[in-house]
Amino acid sequence: MRIGLHVHVAVGYAKAVEHAKATGATAIQVFSTNPRSYRPSAVDGAALDAFADMRRDAGIETCAIHTPYLINLASPDPKIAQGSLRLLRGDLAVAARGGMQFVNTHLGSYGTRDRGEGFAAICGALEAALADIEPGVFLVLENSAGAGNLAGGRLEELGEFVRTLGHPQLGICLDTAHAWAAGYAIDSKEGVDRFLDEAERLIGLDRILMFHFNDTEVALGASRDRHWHIGEGKIGFEGFRALLARPDLRGKTAILETPGDDADDLRNMQTILAIERGAVATG
């Protein structure tokens, strides 16, 4: 598995790549713009070329963009819906220009809208974004923690998006903390196997391109998005060991979004890489 972490490029691409390399990462995730703004950044070709060169030199060629948190493709408000699509298209353009493989996005909330109408609105926006997606870039939909009327909290719904759109460059990212919060007990081999068997049946493992590896302290099914340090929460060592022991996941990409500072990044990466070594050795 290509395992990495989310890095902050506000400090500069060079420092971000240097930090990722120091932790042993073989993949990274970034924001291409302010994650709490509806204004996409202009595509800076020279800077993106330099970033691609730095990643290649560091052995970290796999890169995902995480779209801004404000995206809500289910919103009935035209300004929000159009702004969300603009952000999504902007990140797809940056990814294509910068040699980044994945654009990972949350879908948003249905709010008080009829779920059927909201689902259709999301599909329409995704179809528009995928209409001019460049080769080599994949649009990846992230599962939600299931709070309120958030879209994408259940594997069934994620699979329905994939089947409805049927686009070869559409994939899924499964966040472990969100899955736990949505009620999937992935703290044991048996629980992980049930979860992935269901994911295979409802989505297809070939469509699951990414994972976000995050532990969590919330109760199972609590529908709250709270990330925690690897092995120190409810999912624990056994849950991550079971995921990393699966041969059918070894070609995937996993990104840590754990809290804290650079020292915490290093500690979490050392923990997950140690778990991976043990899982592969005994698997």
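A short reminder: the numbers here are calculations on the coordinates, not readings from a lab. This is a predicted model, so every value here is computed, not measured. Glycine gets a Cβ as well: all are built from the backbone with ideal geometry, and neighbour counts include every protein chain shown.
What fraction of the DSSP beta bridges in the range 147-283 is antiparallel, stated in percent and rounded to the nearest 5?
Antiparallel bridges: around 10 percent, rounded to the nearest 5.
Figure the gain on full extension for Ala147 and Arg115 (residue separation times 0.36 nm, minus the Cα-Cα span) and round it to one decimal in nm.
10.1 nm
Which shape class applies to the range 59-208: rounded if a/c is under 1.5, otherwise prolate when a/b exceeds b/c and oblate if not, where a ≥ b ≥ c are the square roots of the Cα gyration tensor eigenvalues?
oblate
What list of ³J(HN,Hα) values in whole Hz, one per residue of the range 260-267 in order, does the Karplus curve 6.51 cos²θ - 1.76 cosθ + 1.60 (θ = phi - 60°) give from phi, with Gly and Pro shown as x?
Karplus values, whole Hz, x for Gly and Pro: x, 9, 4, 5, 5, 4, 4, 4.
Relative contact order for the range 173-283 using alpha-carbon pairs under 8 Å, separation at least 6, rounded to a whole percent?
Relative contact order for the range 173-283 comes out at 29 percent.
Please sort by residue number the GluC sites (Glu not before Pro) in the range 164-203 whose DSSP state is loop and whose Cβ has at most 11 other Cβ atoms within 10 Å.
Answer in residue order: no site qualifies.
Which order do the peptides 9-17, 127-135 come out in when sorted by mean C-beta neighbours inside 10 angstrom, highest first?
9-17, 127-135
Rounded to the nearest 5, what is the percent of antiparallel bridges among the DSSP beta bridges in the chain?
Antiparallel: roughly 5 percent of the beta bridges in the chain.
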